[in-house]
Structures are given as structure tokens and as C-alpha cells.
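Peer 1: The structure follows.
The values are calculated or read from the model by the stated rules, or taken from the named source; none is laboratory data. Just so we're clear, the structure is a prediction, and the values are computed from it rather than from any experiment. Reconstructed Cβ throughout: ideal geometry from the backbone, glycine too, with neighbour counts over all protein chains shown. SASA here: full protein model, heavy atoms, side chains in, ligands and nucleic acids out. Shrake-Rupley method; radii C 1.70, N 1.55, O 1.52, S 1.80 Å.
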Amino acid sequence: MFELSLMCPQDRVETFSEALEALDALSVSVEDFDAQTDAEQALFGEPGMPPPKDGWQRSRVLALFATELVAKEAASLLSAQDFFDECRLLGISLVPDQDWVRLTQSQFAPVEVTPEFWIVPTWHEPPAQARTIIRLDPGLAFGTGTHPTTRMCLRWIAQHGRAGGQHAAGNPLGRVLDYGCGSGILAIGAAKFGAVDIDAVDIDGAAVESTKLNAQANAVRLQAGLPDRATGRYQTVLANILATPLKVLAPLLCAHVAPGGSLVMAGILERQADELKAAYAPYARLVVADSEDGWILMTATL
């Protein structure tokens, strides 16, 4: 395969991507042209780095073609277009043949939650010290355990649950709701630490199906569905979303927590703690229970 690389302003990225696909590109990807320089910009609001309003100022567009001839023809045709103004062809290079499956898998190693609790892709053997594991492969749904918010939620589950699986009697997690379940990783974690009545809900149907498949792969029982599946009160309500929807959901989430139960929330930056406390003040007293890499875990007992 051959890779065509070009630089263009952000407002031209969509046009170039569509044109490359029409010119038989096998794939098209976009990167920050100024990555690893002082001009690098974050798109996803990492702590301490506010995202730009309209994307990167300059983007590197990369397209893979089956042959060098097709790549050169695509470069020639693009260079002749009016929208190529202020853009630059960076080159065409041979991409060495590789075992792409093995290469991709090598990027995802087991993730430690606690010394005895690990998230392990199916192609890896569990670490020797692992006593509790979640089998989870990277997929379309959010939540593979690599992000601090997910790890903090799972640590809380491990600290407050009871290892031993779904048949552990009298588990303090009680009835569990995973609101915005994504891959289902938190619901599966709750099952691994003894919860026996678990509802996992998400507005995205693909996330619901992903949760069902991941639960099956981990041999745990849970009920997954759209948000209307969440009914009644729960001893533990987990919500790893983002600060803005968490504020909107304050009355709904708190209404689902049983008296004496726990509300556990993540997807919150350290600087957003006061916003969340204010939004939940009419219903619960939030506290910061954990922090990692600029993200925090907030909890409340109702």
C-alpha cells in the first residue's frame, strides 16, 4: 500500500476526505499537523488544555491507496482543484506490509485497576497476580478501562463490593444501575464484585448491544437496555458520562438512589467539582472521592 499525505486548513478537511474517498482511497485519517510542537492543540478538552472551537488550525490528512499509481493520480487531481489553495502535498510513501491485527493488538495491554483486579483483552493472558479480571476488547462503545474515569469507578466498585462473583450473598453494592453504560464495563465490574441485580442503560443502541456481548463474554448476568429500563431505586447508581449531562441528570439520578445508597459519578474534571456540587446540592452532598490525571470521582450517600 501507499500513503498520500497532505496538509490543509481545518475548513478543508471534510472536502479533502470526501474527495479522497471518491478517488478510491482505502482509508482516510486526520491528525494535528502541529502535533509534538508548541502549536499543538487538544480537541477533547484534556485537563489544562482547552479545546479549540473549530478543530486544528492545520490538519495532516493521510490516505491509503492500493498502488503508487492510484496515489499519484489522486495527488495530481487534488492539486488542480480550487480548494487546494493554501494546502500542501507532503508526499507519497510506501507502507510496509505488516500483520495489522497483531500490531493493533499489541497496543492494548492488560490494565491494572488494583493489584488484584485487571482488565484483560481476550488475546492476552491475565497477569499472575490477577484474582478478578474483566475480559474486554477495544470496540466502538466507550469504556475499555484505559481512561482514568473508568479506572476510578472500577476501583470504587472493588473497594465497596465483595469479590466472589454474582453469587456472593449480602453484597453491599446491592441493586446496581449503570447509567450511560457504554461497553458495560462498570456493570460487569459490579457483577464481578458480587452484585446480583444489575441494570445497564444507554441512549445508544450500539452501546446496549456491546454491553450484552461483553456481559456474555464475562459470564455475568445483567439487564441492558435503553434508559427507560431503569426503574425504581438502587443501592448503587454509577454514571461515568461527562459533567454537562451529569448536571442535567441530577434529579433523575438521585431519584434512582435508594435511602442510604451510593451515587458514584465520573467524567468530571477537577475544575468542574464546584459546578457539580451546586447542581446536586438540592438532592445530595457530593464529595470528591478519588482523582487521577486531572479527573475526579464524585460520590454521595443519600
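Peer 1: Can you give the local net charge around Lys212? Use residues other than it whose beta-carbon is closer than 14 angstrom to its beta-carbon, Lys and Arg +1, Asp and Glu -1.
Peer 2: Value of the local net charge: -3.
Peer 1: May I ask you to compute the full-extension gain from Ser76 to Asp97, defined as 0.36 nm times their residue separation minus their alpha-carbon distance, rounded to one decimal in nm?
Peer 2: 5.0 nm
Peer 1: Given R₀ = 25 Å, what would the calculated FRET efficiency be for Lys247 paired with Arg135, taking r from the Cβ atoms and rounding to 0.05?
Peer 2: About 0.15, to the nearest 0.05.
Peer 1: Compute the distance in nm between two label points, each set 7 Å from the Cα along the Cα-to-Cβ direction, one at Ala278 and one at Phe83.
Peer 2: Label-label distance for Ala278 and Phe83, simple model: 4.2 nm.
Peer 1: Applying 1/(1 + (r/R0)^6) with R0 = 25 Å to the Cβ-Cβ distance of Ala109 and Glu292, what FRET efficiency is obtained, to the nearest 0.05?
Peer 2: For Ala109 and Glu292, the calculated efficiency is 0.90.
Peer 1: Sticking with this structure for a sec: How far, in nm, would the chain grow between Thr301 and Arg271 when pulled straight, counting 0.36 nm per residue and subtracting the alpha carbon separation?
Peer 2: Fully extending the segment from Thr301 to Arg271 adds 8.6 nm.
Peer 1: So for segment 152-301, taking the charge dipole from beta-carbon charges (+1 Lys/Arg, -1 Asp/Glu), which of Asn240, Ile185, Ala195 sits furthest toward the positive end?
Peer 2: It is Ala195, whose Cα lies furthest towards the positive end.
Peer 1: Accessible area per residue of segment 152-301 at 1.4 Å probe, in Å²?
Peer 2: 42 Å²
Peer 1: What does the C-alpha gyration tensor say about the overall shape of segment 152-301? Classify as rounded when a/c is under 1.5, otherwise prolate if a/b is larger than b/c, or oblate.
Peer 2: Taking the square roots of the gyration eigenvalues as a ≥ b ≥ c, segment 152-301 is prolate.
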